[in-house]
Every structure is written in structure tokens, then in C-alpha cells.
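Reading through the C-alpha cells given below for one structure.
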Amino acid sequence: MASPFAFRIDSTAGAARAGVFVTPHGPVETPAFMPVGTQATVKTLDPRDLREAGATMILANAYHLHLRPGEALVREMGGLHSFMAWDGPILTDSGGFQVFSLETLRRVSEDGVEFQSHIDGSRRAFTPESVIAIERALGADVIMQFDHVIPGQAPHDDALDASERSLRWLERCRTAFADTEFARDGLHPQALFPIVQGGIHADLRRDAARRIAAMDDWRGIAIGGLSVGEPKPAMYEMLEVVDAVLPRDKPRYLMGVGFPEDLVEGARRGVDLFDCVAPTRMGRNGTAFTRDGRLNVRNASLRADRRPLDEDCGCSTCARFTRAYLRHLFTAEETLGLRLLSLHNVHFLGSLMHDARAAIAGGDFDRWSRDWLDRYHSRSLPVP
């Protein structure tokens, strides 16, 4: 039976690619940004908002959904797509980052990780096998392996230990993915993505990428453990390292990265999919992305500013509301402000990736990306 997953590259510009990732719930034109719906919701936005903002694929988190409401309930309700009324593609993160972020509340062994719930303090355990069972039950199109995440500037020995453990856990995830009952009676076909770890050490990244690529005919490959404290130039260097090793006919997903400049730099280095909580988190905190840098809408200088957040933006927030009104909503602590800025930021990143795709297809990506980054970085402070 033919796989419902496929990846087609339509155009290239150096390492950058414009393509289409086909899933059981529809195609995703790449490069693409995936809004994060950690708990089966992109905060303040409903599925219709996401569609209008141009989102095609979203992310949810196995750790949070396991704790609340539980994967058994989600499966009983028909899986994530039915539960959250989103009919497009979904990816679930395995929860590795969240578990390892608990620091003093978890203990790592070769079997897996024992941790304490941040909600009720109950003791839990994740293993590669249990995480695959959770993600199978949630029913996302793409599910991630359980991996060992470490800080971005971890020394070589620690990064080697985590990368090797992630590779061993990947073998167990792959076996569990093939053996689980949901492979036979699941809600729909799913794809398992491996994760390349290795910190900011080129030899470890290169080795992990080669071994993962040789292990199986994956439907896509993720790059993890970046944007977790390391300098940005180090992140970009690691993307260049794995670009030279990873198979070019598979979509590449850079995990947890979502600031505008990083999306452009990532696309330049061959990344196809991105995700991050930044657009909605920053929106709820009163910060908007613009082509001239970040804008703090609480700034007093915006009190009577009639302009939209970004005069080049086509989102519904910019089409209808002034900076003055948005500032008023935040100073008055009205929740509409959180929603409108979140909507703008999600649209902004989606539109940015749409423009990148068009520039790749049009043969003008080098100039476009250089000009875009020059404008974005031209101000050392947020725009007034």
C-alpha cells in the first residue's frame, strides 16, 4: 500500500528548498511555520483563526496532553483532530524537552525518565515505548521519538552521552511504533520522525545525522536541542553541518525555533518546518513582530499612533486596528489585546515563510533574504 506521506521539492536556492510535505490530513507547502497548540489549543486562537492566518500544520505536546486530559480520553473522542476541531495536519512533540526541563523533578536512566508532574506532583515515568503509545493514541499525523535533551552549551562529553542515548531510544521508539496496536487499528496512518541531537559539537551532529539516515527510510527528520541557550551563530553552524549529511529528499524540521530572523536563517540552511511558542507568548506579553523589528505595544509613544502594527502586513489585526487601540487594550488589561497580537504574530511568521517560498521559486531568494534580514536588523531597539 502506498504511503500517505510524501515530500516533493519544487525549487531550490543553494541549501534553501521550496517544497510540499503531503500528509493524511492535507499538504503543507514548505518552508512553513507550525503554530504551537501545546494543550490542543493555540492560546487565544481557534482553528478558524489559524486557517485565516495561513496556518496549515500545528503542533501539540504529548507531555501536557498525557497529564491533562489524558491520551485515553483524546482517543475516545476521536483523536486530536476531532477533539480540537482542526482538520489539518498535526505534529506531536514527544515531551522530551518538557520532561528534561523539570530539572530537579526528574531522574534519567537508560530505561527512560522518572519525573514529577508539575500539575499535581504525582510521580510518572516516560520510556520510549510509553511515549510512542501516548502519541499513537493522540493520533497526530507526525509523532516524534523520545529523546534526551540537554542545555545548548553542554560540554562534549554530556552532549555525546545524550546523543548516544537518543539514538538507542530511537531504536526502541521505532520498534514500539511498528509493534503497537495502533499500527493496526489506529485512527489513521502516522509517521515517526527521529531527532538529531549533539549539542553544538559538529562531530556529534554529523555522526548522529549519518546514523539516523542509515537506520530507516524516515518520512522526515528533526533537528533538536537548538535554541536552548547556545549563541545563534552556533545554531546556524549546526544547521550547516547537518545539511551536508541529511538526505535531501526528506523534510527537515527544526524544533522549537520561531523568531523571524531564525526562520529566514534556517530556511537558508535547508530547513523546511519550524515551530515555536514565541509568536503567541510574545503576543500575550504585548510584543508584535514587524519587518522593522519587535514592537512593544505598551510604549507610550503609541498612544495616538494611527498606523497598524506593520503597514506591510495583511492580517486582520493590521487591517482593522491601530497601534493606539492595541496599546489601549493592553494598558486597560483587556483580553482582546492578547488575541489580536497573537493572531498578528502567527500570521506574520506564516506570511514570512510564504514570501520565502515565493523567493526560492522565483530565483531571488539570496537577495530577498539578505534584504529582509538587513531591514529587520537595522534597528538595535524595538521600533517606536
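The values are calculated or read from the model by the stated rules, or taken from the named source; none is laboratory data. Since the structure is predicted, the reported quantities are computational estimates derived from the model, not experimental observations. Please note: Cβ atoms are built from the backbone with ideal geometry, for glycine as well, and neighbour counts cover all protein chains shown.
Remarks
- Strands (runs of 3 or more DSSP E) contained entirely in segment 8-48, each with at least 2 residues that are outside the structural domain of residue 190 (by TED's automatic domain parsing) and more than 18 Å from residue 254 (Cα to Cα): none
- Subset of segment 22-35 (residues that are over 8 Å from residue 56 (Cβ atoms), over 15 Å from the mean Cα position of the chain (by Cα) and touching a residue at least 40 places away in the same chain (Cβ under 8 Å)): 23, 24, 25
- Qualifying residue in segment 23-31 (condition: buried (at least 18 other Cβ atoms within 10 Å of the Cβ) and charged (D, E, K, R)): no
- Test for residue 146: is it in contact (Cβ under 8 Å) with a residue 12 or more places away in the chain and in a loop (DSSP other than H, G, I, E, B): yes
- Taking (1) modelled with pLDDT of 90 or more; (2) surrounded by 15 or more Cβ atoms within 10 Å (Cβ to Cβ) in turn, residue 98 satisfies each apart from (1).
- Qualifying strands (runs of 3 or more DSSP E) (wholly inside segment 183-266; at least 1 residues being among the charged types (D, E, K, R) and assigned by TED's automatic domain parsing to the domain that holds residue 35): 252-254
- The residue list 141, 93, 147, 161 contains one member that is surrounded by fewer than 19 Cβ atoms within 10 Å (Cβ to Cβ) and in the same structural domain as residue 67 (by TED's automatic domain parsing), which is 161.
- Flag for residue 177 being of a type outside the set (S, T, N, Q), at pLDDT 95 or above and assigned to a helix (DSSP H, G or I): yes
- Only one of 301, 342 that is assigned to a helix (DSSP H, G or I), surrounded by fewer than 19 Cβ atoms within 10 Å (Cβ to Cβ), among the hydroxyl-bearing types (Ser, Thr, Tyr) and not assigned by TED's automatic domain parsing to the domain that holds residue 41: 301
- Test: residue 248 is more than 30 Å from residue 208 (Cα to Cα), more than 19 Å from the chain's Cα centre (by Cα) and in contact (Cβ under 8 Å) with a residue 12 or more places away in the chain: no
- Selection count where residues are touching a Pro at 6+ places or on another chain (Cβ under 8 Å) and either closer than 13 Å to residue 375 by Cβ or surrounded by 18 or more Cβ atoms within 10 Å (Cβ to Cβ) (or both), scope segment 280-294: 4
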